[in-house]
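Heads up: the structure comes next, in structure tokens.
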Amino acid sequence: MQDIFQDINKQARLLLVPKAYFAWQTLLLLSLFSLFVAAALESIAGNDFIGIRVLTTLSWIFFISAVWWSLSEAKNLKVYGFRIDPWITGFVLCLFLFHPWRSDLRLRWAITSWPLISTGVMALPHFVNWELKTSLPNDKVKKTLITTLIVNLLLSSWIAFHFRIQDWLRDYPSLAVRGFDESEFVHDFTASDRQQPSQGAALLETMTSEISQALTDQPWYQTERWLYTRQTQLEAIFQRALETLDSPAESVFWRLDVAEPRRSGEGYALDLRANWVGPASREGVFYLEKSCKILPVEKPRPRVPQTGGTQTDRTQTNSAQTNSTQADEPQPIARLTSVSCGEDSPTEKFIGPDAAVVSPI
Amino acid sequence: MEYEPILPLRMVVFQILFLLVAIALEAGILRQRLRLGFQTSVQYALVTNLAAIVFGWIAFLVLEPLMPLEIEAQIINYVLFNQLLLNGWTTEVGAILFGIGLIAFFGTFFIKAKGIEFFLRSDNAWQPLTKKPPRLPRDERYARARGTGIELGQSNARFIDTIIQANAASFSAILLLILLRAFVEGQGG
């Protein structure tokens, strides 16, 4: 038992305490030391002290140098014959340069430039020696370095392309309604029958709630006039609703389609149809539909015109005038509007070759 | 930001596949026509093709955000849904694709020519390849000046010719593979 303990102790000493002072362990200890001093300073002098930043930066630099030095001494860090130590050092260097945990943009830059920075780490010893004298490497090394640089540029491009695709999906989330099975570029790791709702449902919900706000309890003749000028009215509502989307960038890919209002009973049925005109697969072209019933209701007209908001003011002044002429009549009846658009939220309907099979309706 | 679990892995696989095809073809042509060694030809073909791909990627990554919305929608449509035509946008697509193909061909040709020249120079193999032919007897020189000589083709022209041929071979092969892929998919789905 004691032997084991002594052994571990010896191993730890060997690892941490340098045999010579000119060794990477010195740098690691220096890094830890500056970190401790920085922490101590922070507890005494608070967060804003400039020395803390200097010391943390120093600590990072010592740490990176220690990692670099220790890895370049390790001889067996090879994957399929390639030395991977520049990529580990490059990783630590990226952490220091970009602080990727601070924001998404920094994270992207860190990941995208990781291969390039690692190439720089790999190339630097070939250009600068320990005495800081610069020299050009010989032709063989130069060729290896160029090849490595090109391969790493390719890796960086792939990573940048990945983030570009993620940007598309963030800006235009309705692209993902039917998954990307047909793509020759991307693989979708969620289930192949991805059924992600598009933003169209939210769009139509916003529109219908605004329509019912605009029409409810309006006098019926005004509603009919509104329906007569529905194109401009609905277009304005549509534009406002597009702005409230979670990702307003994709509003360029939505078109509103308003059919002639159908007569239903005494009132009308107004069909709203939001067409997705953006990129979609052959079977994935879709639209969403929601129908609103606009009906006249007979309501007793209030005698004292003080309830209601600004929208009903005009009606009430009208009614006040009629009231003054026909003051003695019994409780008058007003034809007001009621709007009901149904509770269930609209779902995507696909127009494609096999729409009958695919459509969830 | 939330990231969707969508990775461009198929692109990576196809890119590597096309790269292998191009390297195989071009290395063969380089070896045959420039009398380079087997390993050297493969190395040159690999590096120059990688360089061409990287230039293409940089061009795409720089230009794509600058594109107007219609073209961006086309790009998204192709990348995510493997379709070229959106909303009956046909003539422009044809012209643009043709233009891009032409630029790509001559761009890659230039990169490959310069890259292989650089590598040959650093291997000290450039001079023997393009050295002036030895001084010829007078009547033969006259024959050349009159344009009746047989060996008028300088080595440099031969070099350029080889690169164009290699480039054309790899472009045709990759185009064929892409068409084949589209055809197979049209059959399958």
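The values are calculated or read from the model by the stated rules, or taken from the named source; none is laboratory data. Keep in mind the model is a prediction, meaning the values are calculated, not measured. Here the Cβ is made from the backbone with ideal geometry for all residues, glycine too, and neighbour counts use every protein chain on show.
Given the conditions (1) modelled with pLDDT of 85 or more; (2) outside any loop (DSSP other than H, G, I, E, B); (3) crowded, with 20+ Cβ neighbours inside 10 Å, which single one is not true for residue A:209?
The failed condition is (3).
Do you know which residues across segment B:54-75 are in contact with a Phe, Trp or Tyr (Cβ under 9 Å, 6 or more places away or on another chain), facing chain A (nearest Cβ under 7 Å) and modelled with pLDDT of 90 or more?
B:57, B:61
What's the total number of residues in segment A:136-148 that are within 30 Å of residue B:5 (Cα to Cα) and either modelled with pLDDT of 95 or more or in a loop (DSSP other than H, G, I, E, B) (or both)?
Qualifying residue count, segment A:136-148: 0.
Anything in segment A:93-108 that is of a type in the set (Phe, Trp, Tyr) and surrounded by 17 or more Cβ atoms within 10 Å (Cβ to Cβ)? List them, or say none. Lay out the reasoning, then the answer.
Of all residues in segment A:93-108, those of a type in the set (Phe, Trp, Tyr) come to A:96, A:98, A:101.
Listed by number, the list holds a single entry, A:98.
Being crowded, with 17+ Cβ neighbours inside 10 Å and either at the interface with another protein chain (Cβ under 9 Å from one of its Cβ atoms) or in contact (Cβ under 8 Å) with a residue 12 or more places away in the chain (or both) is the requirement here; does residue B:93 meet it? Let's see the steps before the verdict.
Details: crowded, with 17+ Cβ neighbours inside 10 Å: no; either at the interface with another protein chain (Cβ under 9 Å from one of its Cβ atoms) or in contact (Cβ under 8 Å) with a residue 12 or more places away in the chain (or both): yes.
Against the criterion (crowded, with 17+ Cβ neighbours inside 10 Å and either at the interface with another protein chain (Cβ under 9 Å from one of its Cβ atoms) or in contact (Cβ under 8 Å) with a residue 12 or more places away in the chain (or both)), residue B:93 does not qualify.
Applying the selection to segment A:152-176, what residues are closer than 23 Å to residue A:117 by Cα and in contact (Cβ under 8 Å) with a residue 12 or more places away in the chain?
Selection gives A:152, A:153, A:155, A:156, A:159, A:160, A:163.
For segment A:74-91, does any single residue satisfy the condition of being of a type in the set (A, V, I, L, M), loosely packed, with under 11 Cβ neighbours inside 10 Å and part of a strand (DSSP E or B)?
Scanning segment A:74-91 turns up at least one residue that is of a type in the set (A, V, I, L, M), loosely packed, with under 11 Cβ neighbours inside 10 Å and part of a strand (DSSP E or B).
Only residues that are within 9 Å of chain A (Cβ to nearest Cβ) and among the aromatic types (Phe, Trp, Tyr): list them for segment B:1-30, please.
B:3, B:14, listed by residue number.
Go through the residues of segment A:186-197 one by one and say whether even a single one is within 18 Å of the chain's Cα centre (by Cα), farther than 18 Å from residue A:288 by Cβ, in contact (Cβ under 8 Å) with a residue 40 or more places away in the chain and surrounded by fewer than 17 Cβ atoms within 10 Å (Cβ to Cβ).
No, the conditions are met nowhere in segment A:186-197.
Look at residue A:176 and say whether it is in contact with a helix residue (DSSP H, G or I) (Cβ under 8 Å, 6 or more places away or on another chain), in a helix (DSSP H, G or I), within 25 Å of residue A:243 (Cα to Cα) and at pLDDT below 85. Explain how you work it out, then say what you get.
Numbers: in contact with a helix residue (DSSP H, G or I) (Cβ under 8 Å, 6 or more places away or on another chain): yes; in a helix (DSSP H, G or I): yes; within 25 Å of residue A:243 (Cα to Cα): yes; at pLDDT below 85: yes.
Here the answer is yes, as residue A:176 does meet what is asked.
Suppose we filter A:141, A:151 for residues that are among the hydrophobic types (A, V, I, L, M, F, W, C), surrounded by fewer than 19 Cβ atoms within 10 Å (Cβ to Cβ), within 9 Å of chain B (Cβ to nearest Cβ) and closer than 24 Å to residue B:118 by Cα; which single one remains? It would help to see each step written out before you state the result.
Values: A:141 fails: within 9 Å of chain B (Cβ to nearest Cβ).
Answer to the selection: A:151.
Please give the number of the condition residue B:48 fails out of (1) among the β-branched types (Val, Ile, Thr); (2) over 21 Å from the mean Cα position of the chain (by Cα); (3) surrounded by 16 or more Cβ atoms within 10 Å (Cβ to Cβ).
Here residue B:48 clears every test but (2).
Can you tell me which of (1) facing another protein chain (nearest Cβ under 9 Å); (2) in a helix (DSSP H, G or I) is the one residue A:67 doesn't meet?
Status for residue A:67: all satisfied but (1).
Residues that are within 14 Å of chain B (Cβ to nearest Cβ) and either closer than 19 Å to residue A:204 by Cβ or within 25 Å of the chain's Cα centre (by Cα) (or both): find the strands (runs of 3 or more DSSP E) completely inside segment A:236-305 holding 2 or more of those. Walk me through how you get there before you give the answer.
Numbers: elements: A:254-258, A:262-264, A:267-276, A:286-300.
The qualifying strands (runs of 3 or more DSSP E) are A:254-258, A:267-276.
How about segment B:124-189: which helices (runs of 4 or more DSSP H) wholly inside it have at least 1 residues that are at pLDDT 90 or above?
B:155-188
Residue A:311 passes all but one of (1) surrounded by fewer than 16 Cβ atoms within 10 Å (Cβ to Cβ); (2) assigned to a loop (DSSP other than H, G, I, E, B); (3) under 45 Å from the mean Cα position of the chain (by Cα); (4) at pLDDT below 80; which number fails?
(2)
Can you confirm whether residue A:165 is assigned by TED's automatic domain parsing to the domain that holds residue A:107 and buried (at least 20 other Cβ atoms within 10 Å of the Cβ)?
Numbers: assigned by TED's automatic domain parsing to the domain that holds residue A:107: yes; buried (at least 20 other Cβ atoms within 10 Å of the Cβ): yes.
When the stated conditions are applied, residue A:165 passes them.
Residue check, residue A:51 against (1) more than 24 Å from residue A:30 (Cβ to Cβ); (2) surrounded by fewer than 16 Cβ atoms within 10 Å (Cβ to Cβ), all met but one. Which one?
(1)
If I filter segment A:118-131 for residues that are over 17 Å from residue A:86 (Cα atoms), within 11 Å of chain B (Cβ to nearest Cβ) and either charged (D, E, K, R) or not in a loop (DSSP other than H, G, I, E, B) (or both), do I get at least one hit?
No, segment A:118-131 contains no residue that is over 17 Å from residue A:86 (Cα atoms), within 11 Å of chain B (Cβ to nearest Cβ) and either charged (D, E, K, R) or not in a loop (DSSP other than H, G, I, E, B) (or both).
Given the conditions (1) closer than 29 Å to residue B:160 by Cα; (2) surrounded by fewer than 16 Cβ atoms within 10 Å (Cβ to Cβ), report the number of the one that residue B:66 does not fulfil.
(1)
Restricted to segment B:76-90, and to residues that are more than 8 Å from every other protein chain (Cβ to nearest Cβ) and not in a helix (DSSP H, G or I), which residue is surrounded by the most Cβ atoms within 10 Å (Cβ to Cβ)?
B:89
Among the residues of segment A:253-273, is there at least one that is closer than 24 Å to residue A:167 by Cβ, aromatic (Phe, Trp, Tyr) and in the same structural domain as residue A:289 (by TED's automatic domain parsing)? If you could, list the steps in order and put the result at the bottom.
Applying the first criterion (closer than 24 Å to residue A:167 by Cβ) to segment A:253-273 yields A:253-255.
Add one more test, that the residue is aromatic (Phe, Trp, Tyr), and what stays is A:253-254.
Next cut, in the same structural domain as residue A:289 (by TED's automatic domain parsing) only: A:253-254.
Yes, segment A:253-273 contains a residue that is closer than 24 Å to residue A:167 by Cβ, aromatic (Phe, Trp, Tyr) and in the same structural domain as residue A:289 (by TED's automatic domain parsing).
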